[in-house]
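Take a look at the structure below.
None of the figures in this text is laboratory data; all of them are computed from the coordinates on show. Small disclaimer: the values here were computed from a predicted structure and weren't measured. Cβ sites come from the backbone with ideal geometry, for glycine too, and all protein chains shown count toward neighbours.
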Amino acid sequence: MTDRMKLLSGIAVLVLVGLVTASAFIVYQWEIAIKLRLGEIVGPEYKPGLHWKVPVLNNVIKFDARIQTLDSQPERFLTIEKKDVIVDSYAKWRINNAAQFFRSTGGDSARAARLLAERINTSLRDEFGRRTIQEVVSEDRLELMQVLTKTLDTQATELGVEVVDVRVKKIDLPPEVSESVYNRMRAERERVASDLRAKGHEAAERIRADADRQRTVILADAYKESEETRGLGDAKAARVYAEAFEQDREFYAFYRSLDAYRKSLVDKGTTLVLAPDSEFFRYFNHPQGAAGSSDDAGTDGRLRVR
């Protein structure tokens, strides 16, 4: 009897352990879970931790709640200029509503990725159709990606997922349009460069003209100042000469005559033909300055000096 009780106790323990094991389930940090009862969603989403269910009656489905990458195949889109561009993009997404995700996709991540890829292609086609090639390859690309992320996040709500980010990895031009686009971009850059050079030449001419004007004004002011200074100097010199002349007029006349003799007679190439009684020889004929007699001259009444 004792052995039978032990056996029954062991079986009871095993059944209890199996029941507990079948009733408990663990949701890890990177997971999100929902509980089904006969195929119907019941209860809220289960966050990470230990949870319980009714064996056989309830079924638990777990989903990966981490951010996933959807790397799309390059697609060809038309711009507003009716030019083809080949766009390679990817998106970052994650499940944020497990119940809605299960209802929309049946819990199939591959199906969710396909549905999300279709929406991404549609949004890219719409956004590229509103822009030119230059806009999608320039600084406007960041704005384009922000608009795409916001639009897709709104559309993906019905799938129970959140679009974290959408990025355009590369934009290529088909060979048939690459050359024409590059030529147009090159012409635009050359036009901008020519415009900048023209503005530079205009500024240079303006600076030169202003410098020439300032130079003319400075020279005119300097000439005016020099003439005024020279005039003041000449006036002062004349005043000094006049004051000196007034002090001894005879000495001043004598000094001026000696200066005239020196300047006239030192140069050997100078020939003077003057009358002996000329005022020029006043101090030669008479030391005191009196006019000499004409008898001191030659027989012809003239004195030649060489």
Relative to the Cα centre, what is the charge dipole magnitude of the stretch 177-247, using +1 at the beta carbon of each Lys and Arg, -1 at the beta carbon of each Asp and Glu, and rounding to the nearest 20 debye?
540 debye
Could you pull the Cα extents of the stretch 136-260 along its three principal axes, largest to smallest, in whole Å?
127, 37, 15
Size-normalised alpha-carbon gyration radius of the stretch 195-259, reference 2.2 N^0.38 Å:
2.37
Rounded to whole Å and sorted largest first, what semi-axes of the equivalent ellipsoid does the C-alpha gyration tensor of the stretch 90-200 yield via the square root of 5 times each eigenvalue?
40, 14, 9
Subtracting the Cα-Cα distance from 0.36 nm times the residue separation, let me have the gained length for Ser194 to Ile41 in nm, one decimal.
48.2 nm
With charges set only on the Cβ (+1 for Lys and Arg, -1 for Asp and Glu), what does the dipole of the stretch 39-176 come to about its Cα centre, in debye to the nearest 20?
440 debye
What's the center-to-center distance, using Cα atoms, between the stretch 55-122 and the stretch 157-214 in Å?
36 Å
Radius 12 Å from Cβ of Val54, net charge of other residues (Lys, Arg +1; Asp, Glu -1):
+3
How much of the pair distance distribution for the stretch 37-118 lies past 21 Å, counting alpha-carbon pairs only, in percent?
48 percent
Cβ-defined net charge surrounding Trp93, 15 Å radius [Lys, Arg +1; Asp, Glu -1]
0
Using the per-residue mean of other Cβ atoms lying within 10 Å as a proxy for protection, in what order, highest first, do the peptides 88-98, 164-174, 213-223 fall?
88-98, 164-174, 213-223
